[in-house]
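The values are calculated or read from the model by the stated rules, or taken from the named source; none is laboratory data. Predicted, not measured: the structure shown is a model, and the values here were computed from it. Virtual Cβ from ideal backbone geometry, glycine too; neighbours counted across all protein chains shown. These accessible areas exclude ligands, DNA and RNA; they are computed on the full protein's heavy atoms, side chains included. Shrake-Rupley method; radii C 1.70, N 1.55, O 1.52, S 1.80 Å.
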Amino acid sequence: SGISGMVNGTEYRIGSALFVTEFTGASTAAAQTSRFSTNKGTTPLWLARPGALLGFFELEDSLREDAADTVNQLQQSGVKTGLLSGDDSELVANIAGQLQITEALGNLQPEQKLRELHRWQQNGPTGMVGDGVNDAAIFAGSDLAIAMGNGADLSKLQADAVLLNNRLSVLPNAMALAHRCQSIMRQNLTWALLYNAIALPLAATGMIRPWMAALGMSASSLLVVLNALRLHRNRAQKPAEVNP
């Protein structure tokens with residue numbers, strides 16, 4: 001909502017319209033905001049002391065340069081994207097329009113974000129990407145939490161992964177590699193179970209000699225390792241060349 005502090009014995013607040021209105025006892029700051037605001041899609045903040053509104057600010061953020069391409073790649077790979085924010089609803093709608101995101105909500109408190117996350121999780125595993133202090137709660141409740149390297153320390157402490165280079169463009173490639181890794185793990189487990197199901201009974205009944213079983217086990221282990229090494233090829237590919 002905002003912050004407050006004491007200056008020469010007087011309390012000051014800076015924050016949302018509701019945060020300062022209940023403090024000043026003056027006319028509704030929201031009405032004042034519509035009177036003074038000239039820009040659409042900005043986050044309005046008020047500065048106030050008891051009984052008086054002192055100043056009005058409009059904050060505007062620019063999109064990360066790789067945000068649109070990243071969202072587009074995720075959507076093309078079948079990932080449903082949404083936007084949850086504590087910023088002004090009009091600003092959030094403006095950002096969502098630029099990113100072609102159809103489900104976007106603004107003016108959310110951390111507990112409201114968490115409530116929306118739980119609703120999304122009813123349709124399957126849900127991951128979150130964020131960088132703010134108010135993302136800590138939703139990070140703790142998500143199936144996968146990814147924080148930006150230059151984000152708030154609290155968000156990074158609650159995250160499962162941190163983008164140290166602060167570039168969203170690594171996300172599609174990371175997801176593709178994760179799916180590839182999962183696929184190869186399943187292949188290796190299937191082969192290991194199949195080999196043991198066949199080789200162990202044969203060795204136990206004496207149908208094959210012990211040295212043959214040992215040789216076969218070594219060959220099986222080598223095959224599993226070589227199959228896993230195929231993941232290394234993806235690291236040399238550009239994100240756009242990886243097919244999720």
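The table that follows gives values for the structure above.
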| item | result |
| --- | --- |
| Test: residue in the stretch 200-216 that is modelled with pLDDT under 90, in contact with a strand residue (DSSP E or B) (Cβ under 8 Å, 6 or more places away or on another chain) and surrounded by 13 or more Cβ atoms within 10 Å (Cβ to Cβ) | no |
| Pick from the stretch 143-199, criterion among the aliphatic types (A, V, I, L, M), touching a residue at least 24 places away in the same chain (Cβ under 8 Å) and touching a Lys or Arg at 6+ places or on another chain (Cβ under 9 Å), ranking: surrounded by the most Cβ atoms within 10 Å (Cβ to Cβ) | 168 |
| The stretch 74-99, subset open to solvent by less than 30 Å² (accessible area, probe 1.4 Å) and of a type in the set (Gly, Ala, Ser), residue farthest from residue 18 (Cα to Cα) | 96 |
| Flag for residue 109 being touching a residue at least 24 places away in the same chain (Cβ under 8 Å), within 15 Å of the chain's Cα centre (by Cα) and open to solvent by 50 Å² or more (accessible area, probe 1.4 Å) | no |
| The stretch 217-244 - residue that is modelled with pLDDT of 85 or more and aliphatic (A, V, I, L, M) and, of those, farthest from residue 169 (Cα to Cα) | 219 |
| Residue identified as of a type in the set (Val, Ile, Thr) and surrounded by fewer than 17 Cβ atoms within 10 Å (Cβ to Cβ) among 102, 126 | 102 |
| Residue 134 within 19 Å of residue 2 (Cα to Cα) and open to solvent by 30 Å² or more (accessible area, probe 1.4 Å) | yes |
